[in-house]
Amino acid sequence: MSRVTGIVLILSSLILIIIMYRQSQSISCVFPENSKIGHVDVSGLDINQAKSKLMETYEKPIEIQANEQIFLLTNEQLGIQNDYDSWVSNLNCLNVTPREKFWTYIWKKTNQDPVQIEILIVENEEVIIKSIDQVIVPIVEIEPIPYVPISGSTMYQSGRTGKTINKESLIADIKFQVQADEKRIIQAEIIENSAEMPSMEQIRGKIKDMILAEGFNGVVELYAQNISNGEVLQLLNWYGEEKPPGVAFTAASTMKIPIMLSTYWRQDLPLNEMTDGWIEYMIVYSENDPADRLMEQIDFVRGPLLVTSDLETMGFKNTFIAGYFYLGAPLLNLYQTPANQRSDTNINPDVYNQTTPEEIGKLLGMIYSCSQNDSSELVQISQGQIKPEECVQIIDILSRNKMGALIEAGLPEGLKIAHKHGWSQERDGLVHSFSDVGIIFGPQNDFILTIFLYSPNQLLFDKANPLIAKISQSIYNGLNPNNQISWPLPDE
């Protein structure tokens, strides 16, 4: 009986072992609790389930919103190739032998350490850029349309603002989202590009056409500089023919700007009341006697020559004053300059005072720069004798010269215009030239503008005024296209 019982027990044990062995071999190989691959929880999942969940997570396209439109970029479009098989291959139970599985089952060794796998998703920036250019750019970006001159007008046809994607920012956001635990919609930054302003060459062409249309039978030379970027416009119309600029013109009252500057060069602020008064009457009321008094303060006899010396120190070779303004004043020196020695453009300017549009324009530019900082060229040339606050005063005084004509007539009312105009009877008793030079403080761009007209015959104000006004308005509109103006100019 005991033998039978023993056999039964042995057989039962064998059967139990077989059953347990089969059960041990049927247990799925899964990731332990608290296991993560990347930021995906794979606890209790076998390799196929884990791979499926990883693909579901990491194959989601990146969503990008641009101009209220949603764009989806897939892994392929981001240059991403994830190796999911490699990620799930770290499951420990994959390499356990049947015997080890059986003994683990027998001894109930079910508590495996959690699997924590850090993954690095590698994108390809070149592929990202290519996808942005192919998928998003054609739909979102808009090329700006530049302003175009309107024929027969001082104005320019409005351009169109463009739109550009900030690619650098977008690429950085995409790279961050690729690695992020929770995906969010990327808001692409859209940069608005203002319509391109008229070029200096376009403005120059407009003015050239305007002078021809006006039928002005004489000489027109102008100099303009956009202070914001330093671009310069120069034009010389010599009796309908274009020539290189650099004509020697009678400076007339525009010479009072160098006289004022030389005064500040030699005197400290505050100026005395008498000097202040002379400057006021010289600039605002364009009187000649105060100009003579100021030069006499510099040197009773050689005052004009010292003003010219200051101009030479500043690098100007064509601008000078060789005598006082009063009638019958002696000529203190006969200046020969590159401009007045040209054989192709001689208009017999006054031997007492001369300049060129470029030189008086550059002088105004130096004053403007001086008013902005204490390390400007003018401050350095004067060895600190001219200071920014003095240049500010010079500009303020010039801005009080309000005559409502010439350059002013072409500009908006209330605009700050620091300028000095000039004309005078010449040796034959006629007015042959008009000039106006100044700094214009525009809403978009400040600029320097100097315009000189000459006619061999009597040059009437009613002829010079509208032409100078139209030129100034055309340049203002070109450099401030978002604030263009147009109004009827005086009849010729």
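A few comments on the model shown:
- Within the accessible surface of the chain, defined with a 1.4 Å probe on protein heavy atoms only, the carbon and sulfur portion equals 50 percent.
- Summing +1 for each Lys or Arg and -1 for each Asp or Glu among the other residues whose beta-carbon sits under 13 angstrom from that of Phe325 gives -3.
- Short to long, the 10 Å bins of the Cα pair-distance histogram for the stretch 375-466 hold 15, 37, 29, 17, 3 percent of all pairs.
- Relative compactness, the stretch 148-254, computed as alpha-carbon Rg over 2.2 N^0.38 Å: 1.86
- Across the cross-link table entries Lys60/Lys163; Lys60/Lys167; Lys163/Lys470, which are compared at the Cα atoms, the separations over 27 Å belong to Lys60/Lys163; Lys163/Lys470.
- Annotation: per residue accessible area for the stretch 332-468 equals 40 Å², rounded to a whole number [probe 1.4 Å, protein chains only].
- Around Ile381: net Lys/Arg minus Asp/Glu count, Cβ-Cβ under 12 Å: -3
- Counting all C-alpha pairs of the stretch 107-169, share separated by more than 20 Å (%): 63
- Trypsin sites (Lys or Arg not before Pro) restricted to the stretch 249-317 and DSSP loop, no more than 15 other C-beta within 10 Å: Arg302, Lys317
- Three principal axis extents describe the C-alpha atoms of the stretch 180-332; from largest down they are 86, 49, 28 Å.
- Within-12-Å neighbourhood charge of Glu201 [Cβ basis; K, R +1; D, E -1]: +2
- Oblate is the label for the stretch 334-492, because a/c, from the alpha-carbon gyration tensor with a ≥ b ≥ c as root eigenvalues, is 1.5 or above and a/b does not exceed b/c.
- For the stretch 251-321, the set of chymotrypsin sites (Phe, Trp or Tyr not before Pro) satisfying both a DSSP loop assignment and a count of at most 12 other C-beta atoms within 10 Å is given as Tyr285, Phe300.
- Whole-angstrom Cα spans of the stretch 247-314 along principal axes, big to small: 38, 25, 21
- Scattering curve values for the stretch 426-486, log₁₀ I(q)/I(0), Debye with Cα scatterers, q = 0.12, 0.15, 0.16, 0.23 Å⁻¹: -0.37, -0.53, -0.58, -0.90
- Annotation for the stretch 180-210: trypsin sites (Lys or Arg not before Pro) lying in DSSP loop with at most 16 further Cβ atoms inside 10 Å of their Cβ are Lys183, Arg184.
- When the helices of the chain are scored as -39500 (n - 2.57) per DSSP H run of n ≥ 4 and the total is divided over every residue, the value at 222 nm lands at -11500 deg cm²/dmol.
- Convex hull volume of the chain per residue (C-alpha atoms, cubic angstrom): 212
- Relative to one another, the C-alpha centroids of the stretch 376-405 and the stretch 425-459 are positioned 20 Å apart.
- Computed on the stretch 337-416, with alpha-carbon pairs under 8 angstrom and 6+ residues apart, the relative contact order is 17 percent.
- Between Ala329 and Gln157, the distance separating the two model label sites (each 7 Å from Cα on the Cα→Cβ line) works out to 5.2 nm.
- When Rg and Dmax are taken over the Cα atoms of the stretch 161-215, they come to 22.6, 74 Å.
- In this simple spin-label model, placing a label point 7 Å from the Cα along the Cα-to-Cβ direction at both Val137 and Asn90 gives a separation of 3.9 nm.
- Diffusion coefficient, µm² s⁻¹, Stokes-Einstein with Kirkwood Rh over alpha-carbon pairs of the stretch 183-246 at 20 °C and 1.002 mPa s: 146
- Each Lys and Arg Cβ is given +1 and each Asp and Glu Cβ -1; about its Cα centre, the stretch 380-492 then shows a dipole of about 140 debye.
- Sequence-separation-based contact order of the chain, relative, with Cα cut under 8 Å and 6+ spacing, percent: 13
- Based on alpha carbons, the Rg and Dmax found for the stretch 331-423 are 16.3, 43 Å.
The values are calculated or read from the model by the stated rules, or taken from the named source; none is laboratory data. Bear in mind that the values here come from a model prediction, so they are computed numbers and not experimental data. Positions of Cβ are generated from backbone atoms using ideal geometry, with glycine treated the same way; all protein chains shown enter the neighbour counts. Heavy atoms of the whole protein, side chains included, go into the accessibility calculation; ligands, DNA and RNA do not. Shrake-Rupley method; radii C 1.70, N 1.55, O 1.52, S 1.80 Å.
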